[in-house]
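A short reminder: the numbers here are calculations on the coordinates, not readings from a lab. Remember, predicted model here, so these are calculated numbers, not experimental data. As a convention, Cβ positions derive from the backbone with ideal geometry for all residues, glycine included, and neighbour counts pool all protein chains shown.
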Amino acid sequence: MPDCSRRCGVGIEAAGHTRWFERVLAELGHELWIGDAAQIRAAMVRKQKTDARDAAHVLQLLVEERFPRIWRPSLEGRDLRQLVWLRHKLVCMHNAVGNQLHALAMGEGVCRKKQLFTKKGRALHKLQTLVCRLKGKHEH
């Protein structure tokens, strides 16, 4: 088995879904370099594209220190960005639901504008709902 105790860099073309691979390499003490796929391809002599030729070309670029490395944030930074993006999506969904509820309330004749979602507005809505139910029972 090869000696894996030395720290080394691994270079690959940019592709999606490599976080798991980067984590494995980090656990082993190695570094993953992501290269700009277009620049890697542009630096290659025009031949038929195969995985073996691509791998040899990436190795050649790494050895010659011409590998077109792209900047990537740290794993922790990417995790934080993912959480911020998730929060942004949740806020957008919250606003969309609020707008839909407001439109429904306006369709029912309740026009409270921004007060619709305050404690007083929600209490007034409950009271109106109760009154409507009571009226419905008395009509029968």
Show that you can apply the helix-only estimate: for the chain, add -39,500 (n - 2.57) for every DSSP H stretch of four or more residues, divide by all residues, and state [θ] at 222 nm to the nearest 500. -19500 deg cm²/dmol
Which stretch or stretches of region 24-51 have amide N atoms under 15 Å from the point lying 7 Å from V63's Cα along the Cα→Cβ direction? none
Calc'd 3J(HN,Hα), region 10-19, phi into Karplus 6.51 cos²θ - 1.76 cosθ + 1.60 (θ = phi - 60°), Hz, glycine/Pro = x, comes to 10, x, 9, 6, 4, 8, x, 6, 10, 4
Only Cα pairs under 8 Å and at least 6 apart count here; give the relative contact order of the chain as a rounded whole percent. 17
Among L127, L101, what is the fewest-to-most ranking by other Cβ atoms within 10 Å? L127, L101
Rounded to the nearest 0.05, what FRET efficiency is calculated for V84 and T129 with R0 set to 30 Å and r the Cβ-Cβ distance? 0.20
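Please grab the % of Cα pairs in region 9-72 that end up more than 16 Å from each other. Each step should come with its number before you reach the end.
Details: 909 of 2016 pairs.
Cα-Cα pairs of region 9-72 separated by over 16 Å account for 45 percent.
Tell me, D79, D51 in order of fewest to most beta-carbon neighbours within 10 Å?
On the way: D79 12, D51 7.
Ranking D79, D51 by Cβ neighbours within 10 Å, fewest first, gives D51, D79.
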Any residue on another chain or 5+ positions along whose placed amide H is under 5 Å from the amide H of V10 is listed here as E31, L32, W33
What Rg and what Dmax come out for region 76-139 when only alpha-carbon atoms are used, in angstroms? 17.9, 63
Relative contact order, percent, region 9-72 [alpha-carbon distance under 8 Å, six or more residues apart]: 40
For semi-axes √(5λ) of the Cα gyration tensor in Å, with candidates (1) 24, 19, 13; (2) 62, 18, 13; (3) 44, 14, 11, the value calculated from the shown model is option (2)
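Could you please rank W71, W33, placing first whichever residue has the fewest other Cβ atoms within 10 Å of its Cβ?
Working: W71 5, W33 15.
Ranked by crowding around the Cβ, least crowded first: W71, W33.
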Could you size up the charge dipole of the chain around its Cα centre, putting +1 on the beta carbon of Lys and Arg and -1 on that of Asp and Glu, and report it in debye to the nearest 20? 1280
